[in-house]
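Below is one structure, written out as structure tokens; the observations come after it.
The values are calculated or read from the model by the stated rules, or taken from the named source; none is laboratory data. Fair warning: this is a prediction, and the values are worked out from it, not measured in the lab. Every residue, glycine as well, gets a Cβ built from its backbone with ideal geometry; the counts of neighbours run over all protein chains shown. To get the accessible areas, we keep the full protein, side chains included, count just its heavy atoms, and leave off ligands, DNA and RNA. Shrake-Rupley method; radii C 1.70, N 1.55, O 1.52, S 1.80 Å.
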Amino acid sequence: MQTEPAVEVAGLVKRYGADVAVDGLDLAISRGTVTAVLGPNGAGKTTTIEICEGYRRPDAGTVRVLGLDPVADAARLRPRIGVMLQSGGIYAGARAVEMLRHTARLYADPLPVEPLVERLGLGSCGRTTYRRLSGGQQQRLALAMAVVGRPELVFLDEPTAGLDPQARRATWELVRELRESGVTVVVTTHHMDEAEQLADEVAIVDHGRVIATGSPEQLCRGGAESSLRFDGPPGLDLAALLKVLPSGAQATEPVPGSYRVEAPMDPRLLATVTAWCAEAGVMPKKLAVQRRSLEDVFLDLTGRDLRS
């Protein structure tokens with residue numbers, strides 16, 4: 001049925017020895033959408049996607065991809081999906097365009113290879129072996145191999161990692177065209193601006209579970225929708241600033257010398273902050289009202305400490 005989700009995961013569990021990588025995760029991805037799966041390192045997102053692709057077996061829970069079990073129904077599912085791995089999966093000694101042509105021949109109705117080569121700027125390195133390609137060229141070849149079979153569903157793992165701005169924009173355009181043609185796209189990325197630009201839906205994963213879902217706009221509407229930011233001397237007395245701000249406002253110093261005030265934004269609040277700075281003898285620099293970003297949401301939900 002076309003009304004069922006393209007990907008449906010319920011109660012998914014995956015363990016590696018004593019470590020629980022995925023802990024009862026639930027996820028539904030609608031057909032014909034771009035969904036970004038975000039999470040810190042070690043959050044469980046890559047393991048979840050690899051299970052959906054059929055590369056790993058779950059320890060518990062159910063997974064359906066295009067209505068099929070990725071393991072039991074692998075032979076029927078693989079012709080219908082495309083997979084772009086961040087690394088691996090390509091013969092190191094194969095020439096780039098030869099590998100793409102070989103991949104195309106595995107499908108019943110592939111895209112024409114030459115226009116795809118031109119589209120992704122692979123013509124100049126077509127006879128170069130994969131091991132000798134630059135990181136960006138390897139990424140573009142992997143992307144081409146994922147889409148050449150006209151998949152109904154494509155998984156893209158960090159599709160723009162290592163790409164220059166031109167190649168990154170070309171990748172974004174291709175993802176948008178896939179969606180417009182009815183293809184479901186699942187993207188894992190650490191680039192929050194990429195998720196904001198491309199995704200219809202975002203799923204944030206941490207500690208093996210989905211902790212937030214929604215469109216980028218919906219997620220960014222939580223809490224203060226915008227914030228006032230400015231730079232100044234490190235260590236300003238934020239407790240004193242809070243005394244002149246409206247009840248419920250927050251004032252933080254995320255990094256030394258960089259300040260953020262979160263509260264309902266209006267001209268009066270802006271005047272209050274600048275007047276406080278003047279009273280304190282502080283010249284605020286880079287003063288700007290900024291919309292709450294997806295990166296702000298991500299950090300609020302998953303924390304700001306580094307992960308190994």
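With θ set to phi - 60°, apply the Karplus curve 6.51 cos²θ - 1.76 cosθ + 1.60 along the stretch 148-153 and write out the HN-Hα couplings as whole Hz, x wherever there is a Gly or Pro.
Coupling constants for the stretch 148-153: 5, x, 6, x, 7, 9 Hz.
Treat every Asp and Glu Cβ in the stretch 109-198 as -1 and every Lys and Arg Cβ as +1, leave all other atoms uncharged, and give the resulting dipole magnitude about the Cα centre to the nearest 20 debye. Mind showing how you got there, number by number?
Details: 10 positive and 13 negative charges, 86 e Å.
For the stretch 109-198, the charge dipole is close to 420 debye.
So how strong a dipole does the chain carry about its Cα centre when Lys and Arg Cβ are +1 and Asp and Glu Cβ are -1, to the nearest 20 debye?
Details: 35 positive and 39 negative charges, 178 e Å.
About 860 debye.
Over the chain, what portion of Cα pair distances is larger than 23 Å, expressed as a whole percent? Before the final figure, lay out each step's value.
Working: 29487 of 47278 pairs.
Within the chain, distances greater than 23 Å cover 62 percent of Cα pairs.
Expressed in nm to one decimal, what extension gain is obtained for the pair ARG105 and ALA275 from 0.36 nm per residue of sequence separation less their Cα-Cα distance? If you can, show how the numbers build up before the last one.
On the way: separation 170, 0.36 × 170 = 61.20 nm, distance 6.85 nm.
Length difference between fully extended and current span is 54.4 nm.
Tell me the accessible surface of TYR55 in square angstrom (1.4 angstrom probe, heavy atoms of protein chains only), to the nearest ten.
Roughly 130 Å² of TYR55 is accessible to a 1.4 Å probe.
Kindly report the accessible area of the stretch 64-193 per residue (heavy atoms of protein chains, probe 1.4 Å, no ligands, DNA or RNA), in Å².
Working: 6210 Å² over 130 residues.
Heavy-atom accessible area per residue stands at 48 Å².
I want the antiparallel fraction of DSSP beta bridges within the chain, as a percent rounded to 5. Intermediate results must be reported in sequence, preceding the final value.
Values: 34 of 51 bridges.
Roughly 65 percent of the DSSP beta bridges within the chain come out antiparallel.
Once the mean 1/r over all distinct Cα pairs of the stretch 52-153 is inverted, what Kirkwood radius in angstroms do you read off?
Details: mean 1/r = 0.0689 Å⁻¹.
In the stretch 52-153 this quantity evaluates to 14.5 Å.
Which of the listed residues, THR129, MET145, ALA195, is farthest toward the dipole's positive end in the chain, when Lys, Arg count +1 and Asp, Glu count -1 at the beta-carbon?
Of the listed residues, the answer is THR129.
Average the reciprocal distances over every distinct pair of alpha-carbons in the stretch 102-183, invert the result, and give the Kirkwood radius in Å. If you can, show how the numbers build up before the last one.
Numbers: mean 1/r = 0.0762 Å⁻¹.
This gives a value of 13.1 Å.
Under the rule a/c < 1.5 gives rounded, and otherwise a/b versus b/c splits prolate from oblate, where does the stretch 40-90 land using the Cα gyration tensor? Mind dumping the intermediate values first?
Details: a/c = 2.22, a/b = 1.19, b/c = 1.87.
Taking the square roots of the gyration eigenvalues as a ≥ b ≥ c, the stretch 40-90 is oblate.
Express in whole angstrom the spacing between the alpha-carbon centres of the stretch 272-308 and the stretch 1-42.
If you average the Cα positions of each part, the centres end up 32 Å apart.
If we restrict to alpha carbons, what Rg and Dmax does the stretch 1-95 come to, in Å?
14.1, 43
Among LEU301, PRO233, VAL9, whose Cα lies farthest out toward the positive end of the dipole of the chain, if unit charges sit on the beta carbon of Lys, Arg (+1) and Asp, Glu (-1)?
VAL9
Leaving ligands, DNA and RNA out of it, work out the accessible area of ASP19 with a 1.4 Å probe and give it in Å² to the nearest 10.
The accessible area of ASP19 comes to roughly 110 Å².
Regarding the stretch 135-237, what is the average projected area of its C-alpha convex hull, in nm²?
Averaged projected hull area, Cα only: 10.0 nm².
Placing +1 on the Cβ of each Lys and Arg and -1 on the Cβ of each Asp and Glu in the stretch 9-139, which of PRO79, THR48, ILE29 has its Cα farthest towards the positive end of the resulting dipole?
It is PRO79.
Given +1 on the Cβ of Lys and Arg, -1 on the Cβ of Asp and Glu, and no further charges, what dipole in debye does the stretch 170-308 carry about its Cα centre, rounded to the nearest 20?
Numbers: 14 positive and 21 negative charges, 87 e Å.
Dipole size: approximately 420 debye.
Taking Cα atoms, how many degrees apart are the long axis of helix 135-147 and the longest axis of the chain, rounded to 10 and kept between 0 and 90?
Long axis of 135-147 versus the principal axis of the chain: about 60 degrees.
Compute the normalised compactness of the stretch 174-308: alpha-carbon radius of gyration over 2.2 N^0.38 Å, N being the residue count. Intermediate results must be reported in sequence, preceding the final value.
On the way: Rg = 18.0 Å, N = 135, 2.2 N^0.38 = 14.2 Å.
That works out to 1.27 for the stretch 174-308.
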